[in-house]
Amino acid sequence: MRIVGLTGGIGSGKSTVSNLFKSHGVPVVDADVVARDVLKKGTGGWKEVVTAFGEQILQDDGEVDRPKLGQIVFSDPSKRQLLNRLLAPYISSGIIKEILKLWLKGSKVIVLDIPLLFEVKMDRWTKPIIVVWVDPETQLRRLMARDGSNEEDARNRIEAQMPLDLKRSQADIVIDNTGSMDDLNERFKEVCKEVTRPLTWKEFALSRQGALLAFFSVVVGVVALNKASNGNVS
Ligand code: ADP
């Protein structure tokens with residue numbers, strides 16, 4: 001199995017590229033969806049967060065008030081670290097569960113769409129790593145347009161992240177998304193072709209098909225050995 005890492009900076013176009021993969025039939029594990037699930041009412045992550053931050057972060061229906069929690073952690077780095085530390089194990093195991101489901105289905109190439117790929121060190125499990133990059137002005141403009149935020153908020157959100165140029169320097173494949181949607185579609189076609197090329201032997205061994213082949217090879221080997229040793233005895 002090939003696990004392709006997909007990351008970028010806020011507003012760089014990662015979700016747009018992730019949707020292109022989905023529409024081309026490549027399964028995507030979306031870390032943001034997993035992160036939302038681990039905060040659902042009654043889950044382990046929800047309990048940890050309520051214990052640490054108090055019931056003031058809950059809505060009337062008992063679900064976490066995400067914008068409120070977001071405000072609390074955004075203005076206080078130590079609280080942000082605490083939240084990340086509490087949720088990281090739940091998010092990691094949620095991601096592994098989603099990958100396992102796709103493995104069981106027999107998917108050979110999957111995309112792991114994760115904003116904090118490098119920060120949470122998941123980059124060691126993914127190859128190749130795609131970074132969706134844009135120049136800083138385009139990033140700011142698109143982020144403000146998408147979220148309807150003012151320049152100061154948008155800048156703060158960009159600056160709270162690992163620099164996009166640093167992510168770019170650690171990529172195997174860079175998608176420069178500074179151009180138009182048509183440019184992006186063209187570049188995406190090349191990248192999709194590259195990441196869905198036939199698996200290497202190592203990747204095949206890690207796929208469900210590879211595991212089944214190894215299993216049947218062992219069974220056939222054991223049967224053959226048994227037959228041979230029975231033949232020797234008689
Ligand atoms: P991310 O997931 O990295 O935060 P998005 O995929 O949401 O970023 O893209 C940010 C915004 O920019 C969205 O409104 C999206 O529609 C827009 N966008 C993405 N790529 C392009 C492009 N090549 N041209 C114009 N707008 C784009």
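Rule-based calculations on the coordinates, nothing more; no lab input. Quantities reported herein were computed from a predicted structural model and do not represent experimental measurements. FYI the Cβ positions are ideal-geometry reconstructions off the backbone, even for glycines, and counts take in every protein chain you see.
Given springs between every Cα pair under 10 Å in a Gaussian network model of the chain, which of Asp113, Asp123, Asp172 has the largest fluctuation?
Residue with maximal mean-square fluctuation among Asp113, Asp123, Asp172: Asp172.
Based on DSSP H runs of at least 4 residues, each adding -39500 (n - 2.57), what is the mean residue ellipticity at 222 nm of the chain after dividing by all its residues, to the nearest 500 deg cm²/dmol?
-18500 deg cm²/dmol
Cross-link partners among aspartates and glutamates for Lys167, C-alpha distance below 18 Å, same-chain residues fewer than 8 apart left out?
Candidates past the 8-residue exclusion: Asp113, Glu119, Asp123, Asp135, Glu137, Glu159, Asp176.
Over region 31-106, calculate the relative contact order: mean separation of alpha carbon pairs under 8 Å at least 6 apart, over the residue count, as a percent.
Values: 46 pairs, mean separation 26.4, N = 76.
Computed over region 31-106, the figure is 35 percent.
Mind telling me which of Leu82, Leu117, Leu184 comes out most flexible in a GNM of the chain, alpha-carbon contacts under 10 Å?
The residue with the greatest mean-square fluctuation here is Leu82.
Could you give the length gained by full extension between Phe204 and Arg36, i.e. 0.36 nm per residue of separation minus their alpha carbon distance, to one decimal place?
57.3 nm
Cross-link candidates for Lys40: which lysines have Cα within less than 16 Å, leaving aside residues fewer than 8 places away along the same chain?
Lys68
Given the options Gln170, Gln139, Gln59, which has the most mean-square fluctuation in a GNM of the chain, springs set between C-alpha atoms less than 10 angstrom apart?
Maximum fluctuation in the GNM of the chain, among the listed residues, is at Gln59.
What is the sum of charges around Arg187, taking Lys and Arg as +1, Asp and Glu as -1, for the other residues whose C-beta is under 13 Å from the C-beta of Arg187?
-4
Please compare each pair in Lys47/Lys108; Lys22/Lys127; Lys47/Lys105; Lys101/Lys193 to a cut-off of 28 Å on the Cα-Cα distance and tell me which ones are over it.
Lys47/Lys108; Lys47/Lys105
Counting Lys and Arg as +1 and Asp and Glu as -1, what is the net charge of the other residues whose Cβ lies under 11 Å from the Cβ of Asp32?
Neighbourhood net charge equals -1.
What is the set of long-range amide H partners of Val111 at a cut-off below 5 Å, with H atoms built 1.01 Å from backbone N?
Answer set, sorted by chain and number: Val4, Val28, Val29.
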